[in-house]
Amino acid sequence: MGRVTTEFDRVSSAKYVLLTTFRKDGTPVATPLWAAADGDRLLMWTVTDSYKVKRIRRNPEVTVAACDARGKPKGPEVPARAVILDAADTDHTRDVIARKYGILGWLTMKGSLVRRGKTGTIGLAVTADDR
């Protein structure tokens with residue numbers, strides 16, 4: 001019997017993923033990001049000092065949805081939890097994303113390392129929340 005495809009699996013296979021984090025007052029803030037599946041989690045990569053990282057540190061509850069490059073949702077939101085990754089896992093995240101997005105992904109990762117250095121960006125791991 002095959003594995004059941006979930007909405008989280010569909011989001012994980014999308015080219016762009018809308019990550020929604022929440023401000024202290026509960027206001028949602030959505031950002032389209034590149035993301036790549038890695039086992040049962042979805043890896044994303046962003047600027048270390050971004051507000052989304054600060055919001056995740058305070059509240060790891062997020063939602064994810066497939067979207068277009070501009071952030072227009074292409075499906076339902078999926079409740080999830082985000083974790084900020086350490087340096088080794090962030091390196092792994094860069095590799096996984098570069099593989100998924102091919103030469104453009106590789107060039108983007110390398111360009112970011114030149115511009116910001118290794119600590120200028122950070123990986124996020126998102127897993128489906130069983131709420």
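The values are calculated or read from the model by the stated rules, or taken from the named source; none is laboratory data. The structure displayed is predicted, hence computed values, not measured ones. In this analysis, Cβ positions are derived from the backbone assuming ideal geometry, glycine residues included, and neighbour counts consider all displayed protein chains.
Scanning the range 63-107 for residues that are out of contact with any Phe, Trp or Tyr (no Cβ under 6 Å at 6 or more places or on another chain), of a type in the set (A, V, I, L, M, F, W, C), buried (at least 16 other Cβ atoms within 10 Å of the Cβ) and at pLDDT 95 or above yields VAL64, ALA65, ALA66, ALA80, ALA82, ILE84, LEU85. Please tell me if ARG23 is modelled with pLDDT of 95 or more and basic (Lys, Arg). So ARG23 passes the test. Filtering the range 22-62 to residues that are exposed (fewer than 14 other Cβ atoms within 10 Å of the Cβ) and within 20 Å of ALA98 (Cβ to Cβ) leaves GLY39, VAL47. Of the strands (runs of 3 or more DSSP E) that lie entirely inside the range 8-127, not one contains 3 or more residues that are in contact with a Ser or Thr (Cβ under 7 Å, 6 or more places away or on another chain) and either on the phi > 0 side of the Ramachandran plot or without any contact (Cβ under 8 Å) to a residue 12 or more places away in the chain (or both).
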